[in-house]
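The structure is given below, and queries will be raised subsequently.
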Amino acid sequence: MALDPQAKVFLDQVAAMGGPPMSSMSPEQARAAYRMLMSMAVGPAEAPVPSEDRTVPGPAGEIPVRVYRPPSEQPLPVVVYFHGGGWVLCDLETHDTICHRLAAGVPAVVVSVDYRRAPEHRFPAAVDDCEAATAWVSAHAAELGGDPTRLAVAGDSGGGTLATMVAKVPATRAARPSPSNSCSTPRPT
């Protein structure tokens, strides 16, 4: 089977960059390399929507989030988005274009969560942050221009795992929302 021409161009660019494998890099070096790869693979948003950086309360301090809200006279569905990257590599910046596209394409208020990453923060730090951020978004959806009755969690790669975990939180847990939907998006190639 032939390789997709766009995938081949991307893989040729990666090969031309050279350098050591990410597995031999420090977390900071691997994050910088992956950020560059993501910018090549995804590119800028064609039609960015208004966005705002905020923080929400978390179990170990403030959690950075980025809120994307397309213009609308009506409350929009809300998507709490968890970036991929194996719980180590990615952040709000690596997934900025993806979140712009998601917000514009649905349309929906998208809240991208910059959870604590490994190896600096051990499991279940990321899960705890994602649960706390989702609970906050659920309680403040109307303030963000969203409809609190239409809340979904989503993510790609490791973020998809986090979305699944947050969606499966037992109803008996205090202050935890029950997202109406959970989905995972494929990682860009």
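Each reported figure results from applying straightforward, stated rules to the coordinates on display, with no laboratory input. Everything quoted here is computed from the prediction, not taken from an experiment. Cβ sites come from the backbone with ideal geometry, for glycine too, and all protein chains shown count toward neighbours.
Taking 0.36 nm per residue of separation and subtracting the Cα-Cα distance, what length does fully extending Lys168 through Met1 add?
Working it through step by step, the gained length comes to 56.3 nm.
Take every Cα pair under 8 Å in the range 51-185 that's 6+ residues apart, average their separations, divide by the length, and report that relative contact order as a whole percent.
Relative contact order here is 29 percent.
May I pose another question? For a quick check of your reading of the filter: which GluC sites (Glu not before Pro) in the range 1-97 sit in a DSSP loop and have no more than 11 other Cβ atoms within 10 Å?
In loop regions of the range 1-97 (DSSP not H, G, I, E or B), the sparsely surrounded GluC sites (Glu not before Pro) are Glu46, Glu73.
For the residues Phe123, Phe82, what sequence is obtained by ranking on other C-beta atoms within 10 Å, fewest first?
Working: Phe123 9, Phe82 34.
The most exposed by this proxy come first: Phe123, Phe82.
How far, in degrees from 0 to 90, does helix 5-17 lean away from the longest principal axis of the Cα atoms of the chain, to the nearest 10?
Here the helix axis deviates by roughly 70 degrees.
So, one more: Please report Asp128, Asp156, Asp53 as a ranked list, fewest other C-beta atoms within 10 angstrom at the top and most at the bottom.
Asp53, Asp128, Asp156
For semi-axes √(5λ) of the Cα gyration tensor in Å, one of [x] 29, 20, 14; [y] 26, 20, 17; [z] 31, 17, 14 was computed from the structure I shared and the rest are decoys. Which label?
The listed entry that was calculated here is [x].
At 0.36 nm per residue, and after removing the present C-alpha to C-alpha distance, how many nm does the segment from Phe123 to Met40 gain when stretched out fully? Could the numbers behind the result be given before it?
Details: separation 83, 0.36 × 83 = 29.88 nm, distance 3.02 nm.
Here the answer is 26.9 nm.
Let's test the formula: R0 of 35 Å, r as the Cβ-Cβ distance of Glu73 and Glu93. What FRET efficiency results, to the nearest 0.05?
Step by step, r from the Cβ atoms, then E = 0.70.
In addition: Name the residue farthest towards the positive end of the dipole of the range 51-185 from the options Ile63, Ala125, Met165, assuming +1 on Cβ of Lys and Arg, -1 on Cβ of Asp and Glu, about the Cα centre.
Checked the options; the winner is Met165.
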